[in-house]
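Bear in mind these aren't lab numbers, they're just calculated from the coordinates by the rules spelled out. A quick note: this is a predicted structure, and the numbers were derived from the prediction, not measured. Cβ atoms come from the backbone with ideal geometry, glycine included; neighbour counts cover every protein chain shown.
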Amino acid sequence: MNAKHAIELDEKNMKQGVMGLVLVLVEIIRDTLRLQAMRRIKGERLTEEEIEKLGCALEALDKAIEEIKEEQGVTEEVKKIRTRLDGLANDLIHDMVVSEQWKKAYKKEEALIHAARRATE
């Protein structure tokens, strides 16, 4: 794991560190729900009433998350953890894309070698 993205919980206040991590996970779930909602809206699979209810529910969830962060004093902790997780995810995606590109190039090169061998036989 890249050290710049390591997730460090504050040992002085483990409760806040754990609460920050839990809230980051809740935010990630919320973001996933929001993306799924947008796909359903774009796919015209929701009625206007359902869209309104969904929007209100997501807005209420946003408000609740922000209130909990403020009440628990973990707003900065959540930002730090989220930034590190986002960086880690970006690095992972980059590595997967580069790896996939490498595999394709290797397969292409391998095919060329086999074709060259057949031509010389």
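A few points about this structure:
- Ignoring lysines fewer than eight residues from residue 15 along the same chain, the ones with Cα atoms less than 18 angstrom from its Cα are 69, 79, 80.
- Using the Cβ of residue 111 as centre and a radius below 12 Å, the other residues enclosed give a net charge of +3, where K and R count +1 and D and E count -1.
- Using alpha-carbon coordinates, inclination of helix 48-72 to the longest axis of the chain, degrees: 70
- Calculated from backbone phi, Karplus (6.51, -1.76, 1.60) coupling profile of region 28-34 in Hz, x at Gly/Pro: 5, 5, 4, 4, 5, 4, 5
- Per-residue extension of 0.36 nm, minus the Cα-Cα distance of residue 36 and residue 22, leaves a gain of 2.9 nm for this segment.
- Taking 0.36 nm per residue of separation and subtracting the Cα-Cα distance, full extension of the segment from residue 94 to residue 68 would add 6.0 nm.
- Fully extended contour minus Cα-Cα distance, from residue 75 to residue 45, at 0.36 nm per residue: 7.2 nm
- Note on Kirkwood radius over Cα pairs in Å: of the candidates (i) 19.8; (ii) 14.4; (iii) 18.3, the value calculated from this structure sits at (iii).
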